[in-house]
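The values are calculated or read from the model by the stated rules, or taken from the named source; none is laboratory data. If you're wondering where the values come from, they're calculated on a predicted model, not measured in any experiment. So basically every Cβ, Gly included, is an ideal-geometry build from the backbone, and we count neighbours across all protein chains shown. For the accessible areas, the whole protein counts, side chains as well, though only heavy atoms, and no ligand, DNA or RNA atoms are used. Shrake-Rupley method; radii C 1.70, N 1.55, O 1.52, S 1.80 Å.
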Amino acid sequence: MSRQILSEDLLERIRARAAHYDETNGFFDEDLAELRDAGYLTAFVPEAFGGAGLTLAEMAAEQMRLAGAAPATALAVNMHHVWVGVARGLNARGDSSADFVLTEAAAGEIFGFGVSEPGNDLVLFGSQSQARPDGEGGYTFHGTKIFTSLSPAWTRLGTFGADTAGPDGPRNVWGFVRRDGGGVSVKDDWDVMGMRASQSCTTVLDGAHAPADRIVRRIPPGPTTDPFVFGIFANFEILLAAVYTGIARRAIDVAVAGVRRRTSLKNGGAPYSNDPDIRWRLADAAIQLDGVLPQIEVLARDVDAGADRGTLWMPQLSALKSRATEVALDVVTKTVRASGGSSYSNGHELSRLYRDVLAGLFHPSDDESVHGAWANALLGPVVPWPPEGEG
């Protein structure tokens, strides 16, 4: 049995607030306070550091449940869990470089994810921001980060920038800065279609300082097998897939309840759940979703076990994200089609779920990079053509 932190009563209270947060474009302060009190922000922290010690598979299962209640709350909390997951994975393999994340998370700090940048499709492999050495092993960070979920609440920000001044050539520098350490400003610019309560505002770093003991990596830019970067990728893609799968699962539940209530004049008052077309459409949605669930669980277990998937690890993780978000979008669309015109109303839960699920299209890895990675894995790189000396 998967261990659970979130009670059904807590999830119902969170669900009851989701529409209000969405309507007002407000942050989920009450949700966050209750999640903290329930121990959810330390659920992924190993027991040795004072947490509940959930596995990645268990954490993914809990995130599915939370996303079914409030997608934006789950998406934002995801970013905190990603950093905890990275640190716990390193620690399990004897690398203590990020143990402070576990210690500080257990003490109540909240971690934000300051990685994405405007116009930068290198994502984890290169930064437009600058990392300037302080002369004592630490760095100050300078640049703009976007989609910084938990913007009103994070107290620690994991981020990276490029050090181009070192004698060993350019390096990606990964570190953690404090919100109260100066050099950080957060714009009030989150006004989007869905996932509104996540408040994923733009963050401007202008001298935000990470001392030497908060710098965890200084590595060459470009693709890498470094376990810290792999940990980010693995935890991000798996937990993100879990959130969107949770949205899809909730949409099916809402649609099933709806078609059982609705009746058809054409069919003498019979419930729409008798309609063969609606039955087929919802069954088709459930079949699609059913195929994603074991993929999330198996990949999560293999990450925790340190399984060796060789060069297929990154493509398979990115494929999970792509499949989960695309399936979730298709599933929610099918549930809207099955639920009739009422689901087009802003007051209908499916209307909000539809807007929220669309956000999955914009998270890395995007569909183009997923297919590019798989093409390279299958076919190798594109060869110059015509060959040199011909043509």
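Specify the inter-centroid distance of segment 66-142 and segment 143-189, based on alpha-carbon positions, in whole Å.
Segment 66-142 and segment 143-189 have Cα centres separated by 9 Å.
If you bin the C-alpha pair distances of segment 243-356 every 5 Å from 0, what whole percents do you get?
In whole percents, the pair-distance histogram is 2, 12, 20, 18, 15, 11, 8, 6, 4, 2, 1, 0.
If R0 is 35 Å, what FRET efficiency do you get for D213 and L379 from their C-beta distance, rounded to 0.05?
0.20
Could you tell me the center-to-center distance, by alpha carbons, between segment 266-304 and segment 306-329 in angstrom?
Their Cα centres are 21 Å away from one another.
Starting from the exponent 0.38 and prefactor 2.2 Å, build the expected Rg for segment 289-328 from its residue count and divide its actual Cα Rg by it.
Relative to the rule-of-thumb radius for its length, segment 289-328 sits at 1.16.
Less than 10 Å Cβ to Cβ from G175, Lys/Arg counted +1 and Asp/Glu -1: what total charge do the surrounding residues give?
Once positives and negatives cancel, what remains is +2.
Could you work out the percent of alpha carbon pairs in segment 37-86 separated by over 14 Å, rounded to a whole number?
48 percent
If the viscosity is 0.692 mPa s and the temperature 37 °C, what translational diffusion coefficient in µm²/s does Stokes-Einstein give for segment 1-142 when Rh comes from Kirkwood over Cα pairs?
The Stokes-Einstein estimate is 196 µm²/s.
Sort all Cα-Cα distances of segment 64-220 into consecutive 5 angstrom bins from zero, then give the percent of pairs in each bin up to the one containing the longest distance.
In order of increasing distance, the bins hold 2, 9, 18, 22, 21, 15, 8, 3, 1, 0, 0 percent.
Rule-of-thumb check for segment 132-225: C-alpha Rg over 2.2 N^0.38 Å?
With N residues counted in segment 132-225, Rg over 2.2 N^0.38 Å equals 1.16.
At a threshold of 8 angstrom on Cα-Cα distance, excluding pairs fewer than six apart, so keeping six or more, what relative contact order does segment 52-207 reach in percent?
Here the relative contact order equals 22 percent.
For segment 56-71, what does the Karplus curve 6.51 cos²θ - 1.76 cosθ + 1.60, with θ = phi - 60°, yield as ³J(HN,Hα) per residue in whole Hz, taken in order and with x for Gly and Pro?
Karplus values, whole Hz, x for Gly and Pro: 5, 4, 5, 5, 4, 5, 5, 5, 4, 5, 5, 5, x, 8, 8, x.
Calculate, in whole percent, how much of the Cα-Cα pair population of segment 253-301 lies beyond 17 Å.
47 percent
What's the longest bit of the chain with no exposed trypsin sites (Lys or Arg not before Pro), using DSSP loop states and at most 12 other Cβ atoms within 10 Å as the test?
Segment 94-265 is the longest.
With N set to the residue count of the chain, report its C-alpha Rg divided by 2.2 N^0.38 Å to two decimal places.
This ratio for the chain stands at 1.04.
List the residues whose amide H sits under 5 Å from the amide H of D134, counting only those 5 or more places along or on another chain, with H placed 1.01 Å from N in the peptide plane.
Long-range HN contacts for D134: Y139, T140.
Relative contact order of the chain: what whole-number percent is it, with Cα pairs under 8 angstrom and at least 6 residues apart?
16 percent
If each Cα of segment 299-371 is one equal point scatterer, what is log10 of I(q)/I(0) from the Debye formula at q = 0.13 Å⁻¹?
For the requested q values the scattering log ratios are -0.51.
Averaged per residue, what accessible surface does segment 153-217 expose to a 1.4 Å probe, in Å²?
40 Å²
Tell me the relative contact order for segment 1-119 as a rounded percent, counting alpha carbon contacts under 8 Å between residues six or more apart.
Reported as a whole number, the value is 25 percent.
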